[in-house]
Structure formats: structure tokens, C-alpha cells
Amino acid sequence: MARPETKLKELNAAELRHETGARRELVVTINRRSERRVIPYGEEFLYEKLPIGTRVIYPPPPLEPVADPDQAIRYALLHPENADPLFAQLNPNMRVTIAIDDISLPLPPMRRPDIRERMLNQVLQTLADYGVDDVHLIIATSLHRRMTEAEIRRMVGEKAFKQFWPDRLYNFDAENRSEIVNMGKTDHGEEVWLSRRAAESDIVIYLNINLVPMDGGHKSVAVGLSPYQSLRHHHNAETLRDSHSYMDPTRSALHRSADRMGRLVAKSLNVFTLESAVNTRMYGSMLDFLQKNEDQFSDWDQVRLKGFRWTMGNMSAEMRRQVLYNYAAPYGMTGIWAGETEAVHRKTLAKVFQQYSVPVKGQSDVLIIGVPYICPYNVNSIMNPILVQCTGLGYLFNMYRGKPLVREGGTMIICHPLRDEFHPEHHPSYIEFFHRCLAQTTDGSELGRVFEHEFAHNPTYIHMYRYGNAFHGVHPFYMWYWGEPARQHLGRVIAAGCEEPEVAARLGWESADTLDEAIAMATAEQGRSATITYLHLPPLVIADVE
């Protein structure tokens, strides 16, 4: 018998992984009476009948948020992990740098007040109480695009914005050579470069939001405040190909590299980490049916779904995009921890896995996923084909621990319209990468060897990164590399509902007009004996595959 949700919340990550009955209701098998399933499809949703026998994996329900987030933050600052309380580390003559996660997470952006605003206000109050006034706030963008003034104001809140913007609240600039310092090399020969302001501070306080296990930990400082010279050691095709599941940091070569860099930084700097976890309450009361098993839809749910799909389908593309990007999710904070980075991250990971883990038995021949309109790299922008590839093959394929949901040599079906569409201000180098580089090869190692240095040092792309709102010139390479493990593992990738087959072909994928056609293509040889899994996203779910 399944445990009640009240009991489920008390389980730790290890218990969740082995108690297959705890969440068995989240793994459903399609039968003749089953309803159609909702599938994200870019800026719209499909509503499709899946073949009998298809396994559908749903995300766990949202964990209850902490009752008083501000009180929880204060408690974390006063009772840190393996460190003295923040106030006990302060004196008026200190130089303090506060680094803050950018808006790449959570997705969609959360309703105000953002957790980062809550954390920042508490930290700033503590610093003010102890007379610390040499304080800088750095948005830890690394090679991401610069956040706009409006985006920063919304994230950090009016109080901090008015006090610090723009001289002491700003985006990290990975190409300002005078503000980057070499911290040394790891025992693996990896160069560690860091923000000079952070390196010369008496204490670096990092404010983090964890949506999935691949965030946080040493990756925060060692990536968020680092330039290309550091990232090239782990953001490359060879390292990411060896990373297996990105959702299991212990198996990820990328995380092992970032950990080595972070430990080197921690030997020289006093890093005080503040990490938070959020639940899966992505949809408000009018859209909460999107988180339900369709077989349990009420009449009201059916009416809302029909109205939602009709409304979105009859909007212009521009209006639909505007509506979606103005949506803010009612996420709740499920926990917060402060102190020494590794001790904090262990607590955070346990809570994250508690929220997302679902035990699943065995692999399938075919995996179906829907790619929604948003990923970490197109907030307030456009989901271009490279980002569809990154989201589908890089992130959603890797939503597992143990082994992939699809067998080696199997087929992945990605539902997305897949248009040749780019944001010229945010993703200028993506356009050249797609039309020039992928026309020559889709092999990650070859792309890196032939083109990466050129894009990383292209003066036009550097200028647009530093003074505009463009992702760094090398960024599309990283997005392509994220898909390396999936490309090595899969036999085929089929884009279902693809509107421009030439785009799929450029990515090295096949295309199908409909999901039914894609399934027929994927199962042509095995027929009814082919096993199919649909990973019902979003919200996110991590499959613990036995």
C-alpha cells in the first residue's frame, strides 16, 4: 500500500530510492480506457492518445513549503553547517562580495518576492548590523547573457536595487581581463580563474536556488564567477560525454572538475554558501490541472484544458510568447541551508531528490518527451533549435539516476515545432553555429577542435556579450556538448510535429508530422513488442531506474 504523502515527506533520498511502493501511483500504464495525455509542444500543448502499454511517469506532488521563509533564512544564517554563524565572521573593515544566481533558474521565473530577494535582504541586514559597508553584489552569469536592469530589479527587489545599482550591483563580466585573476591549477592541471573582486574579498557569500541536482555546490562559485579559461576544462565534448547522468553529481565528470576547482578556491577564500530548494508548484490554481494524471481530470479540468489550448492556439506567436514570459510560478521554498559549501550541498541534494525522485523498473525501447517553451538559456527570449537540442538531449534525456529510461540504441521522440528561429540580440553566435558549423559536422569533438577557439575569441561576439545582452560567443558549443551522452547512447532521434524538417536534419534528427507518425517510425521493426515510456514534464521528475 502506498504511503500517505505526509509520511512520504519524511523520507530521505536513500529511502525514496529503494521503496518502490512509495510513489508507484506516479508510474501509470496506458490501457484502452485511458484518456489522452497532455504533452508540452513549444509554446503550445498537444493532447494525444498514446499506444496501449505505454508507461507514463509523473512528477511527485509538491512538497509543503516552509511556513515562514524569512525565519528559515535567519535560522540558517545563525546555525550554519561546519561554519561559524555569519554575524560571528564579520567586522566593519571587511570587504564582502555577495554572488547571486542569475535568472536561468527557476523556470518559469518565480512569483515575487523571489527567494534571492529574501536571502539578500537578510544577508544585507546582517552586514549592516555589524557595520560592514564595503559590499558588492555580483550576478553570477559566467558566460550567460547580461541580465537587464529590469530583470535585476525584479530579482533582487527594490530595496537592494536602489541601494547598490549600478556601481555595486552588476553582472559578472568574464571578458574584463583586469577584473579576472588566476587562482592556480588543480591537481588535474585545470586553470582556475575567478572574479578579482571575489578573490580579494574577506568573505564571499553565494546565494543559490536549486531546482535540479546539477545546480549548486562548488559549481556555483567555480562556474558562476569564472571565465572561458576555466570553463573550457569541463564544458567540452569529451568531459560531458563522460558525465553520464547530470542528475547524479557523483557520476558527472563535469561536477568532479567543478568540485576540484571549487576546493582550490575554498583554500584561498572564505566562501559562505546559502542554498535553497524549491518544490514543484509550477502552476497556479487556474493551471494546476497540468500537474495531474489525465485519467483523474474532473469536468472542470477538461473545460480548463480545452479553453487553455484554444486560447493559446488562437493567439499570434508574438502575443503567445508575451503571455508565457509574463507568467510567474508560485514555487515554495522547501528548505534552506548555510555554511561550508559541501556540507550545505549534501543537505540540499537530499531535499531535491526527495522532491523529484520516482522509482522506475527497467528501460524502454522508445522515450517520448515534450520540450516546453522555456529552458535556462531563453528566459524572455526564443527557444531556438540548439536550445531544443540542449533541453531534449542534454537535460530531459538525463532526468534519471542509475541508467537512462531508454535502452542503448533506442529511440527518443522529441515533441516540438522546431523552427529556424533565433533571438538576434541574445543568441547571435547561435545563428552562425547552426547555419555554418552544423552544416559541416554534428560531432561534438570535431566542432570543438575546428570552431570553438574562433567563436570564443571572436571580437564581435565578445563586444555583444560585454555591452549588449548576448550569450558569450562560445555558448552554443556548450549547449551542443550537453547532448553528447544522449547522442552516444541513442540509435535515433525523431522530432514529432516538426514544422521545418530541414531544421531536424541539420541537428542530425529525423522528422515526423505527428506524434503517431513518429511512434510508427520508432516501432516499425518491433511493432507491438516495442516498449514506450512518456516522461510527463513539466514539472520535473527524476527517474530512479532499476
| message | Any residue that is touching a Lys or Arg at 6+ places or on another chain (Cβ under 8 Å), under 18 Å from C375 (Cβ atoms) and surrounded by 14 or more Cβ atoms within 10 Å (Cβ to Cβ) - is there at least one of those in region 433-447? | response | yes
| message | Show me the helices (runs of 4 or more DSSP H) found entirely inside region 366-453 where at least 1 residues are without any contact (Cβ under 8 Å) to a residue 24 or more places away in the chain. | response | 428-432, 444-447
| If you check L287, L274, L269, which single one turns out to be of a type outside the set (V, I, T) and over 29 Å from V66 (Cα atoms)? | L269
| query | Is one or more of the residues making up region 163-171 more than 30 Å from P538 (Cα to Cα), of a type in the set (A, V, I, L, M) and open to solvent by less than 60 Å² (accessible area, probe 1.4 Å)? | reply | yes
| query | Right, S276: without any contact (Cβ under 8 Å) to a residue 40 or more places away in the chain and either assigned to a strand (DSSP E or B) or open to solvent by 10 Å² or more (accessible area, probe 1.4 Å) (or both) or not? | reply | no
| query | Can you pull out the helices (runs of 4 or more DSSP H) entirely within region 481-546 that have at least 3 residues that are touching a residue at least 60 places away in the same chain (Cβ under 8 Å) and either surrounded by fewer than 16 Cβ atoms within 10 Å (Cβ to Cβ) or in contact with a strand residue (DSSP E or B) (Cβ under 6 Å, 6 or more places away or on another chain) (or both)? | reply | 515-522
| request: Could you tell me whether any residue of region 23-38 is under 30 Å from S529 (Cα atoms), open to solvent by less than 20 Å² (accessible area, probe 1.4 Å), modelled with pLDDT under 95 and part of a loop (DSSP other than H, G, I, E, B)? | output: yes
| field | Long-range neighbours under 7 Å by Cβ, at least six apart or interchain, first residue touching a residue at least 24 places away in the same chain (Cβ under 8 Å) and of a type in the set (S, T, N, Q) within region 343-355, second surrounded by 22 or more Cβ atoms within 10 Å (Cβ to Cβ) and part of a helix (DSSP H, G or I) | value | Q354/L16
| message | I'd like to check something: does region 464-477 contain any residue that is touching a Pro at 6+ places or on another chain (Cβ under 8 Å) and either without any contact (Cβ under 8 Å) to a residue 40 or more places away in the chain or part of a strand (DSSP E or B) (or both)? | response | yes
| In region 497-513, is there at least one residue being within 26 Å of V27 (Cβ to Cβ) and within 27 Å of the chain's Cα centre (by Cα)? | yes
| task | Give L240, L231 a once-over and let me know the one that is modelled with pLDDT of 90 or more and either surrounded by fewer than 21 Cβ atoms within 10 Å (Cβ to Cβ) or among the hydrophobic types (A, V, I, L, M, F, W, C) (or both). | result | L231
| request: Answer yes if at least one residue in region 139-153 is within 16 Å of A99 (Cβ to Cβ) and open to solvent by 20 Å² or more (accessible area, probe 1.4 Å), and no otherwise. | output: yes
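The values are calculated or read from the model by the stated rules, or taken from the named source; none is laboratory data. Keep in mind that this is a model prediction, so the values were computed, not measured. Every residue, glycine among them, receives a Cβ derived from its backbone with ideal geometry; neighbour counts consider all protein chains shown. When the accessible area is computed, the model is the full protein with side chains, heavy atoms only, and any ligands, DNA or RNA have been set aside. Shrake-Rupley method; radii C 1.70, N 1.55, O 1.52, S 1.80 Å.
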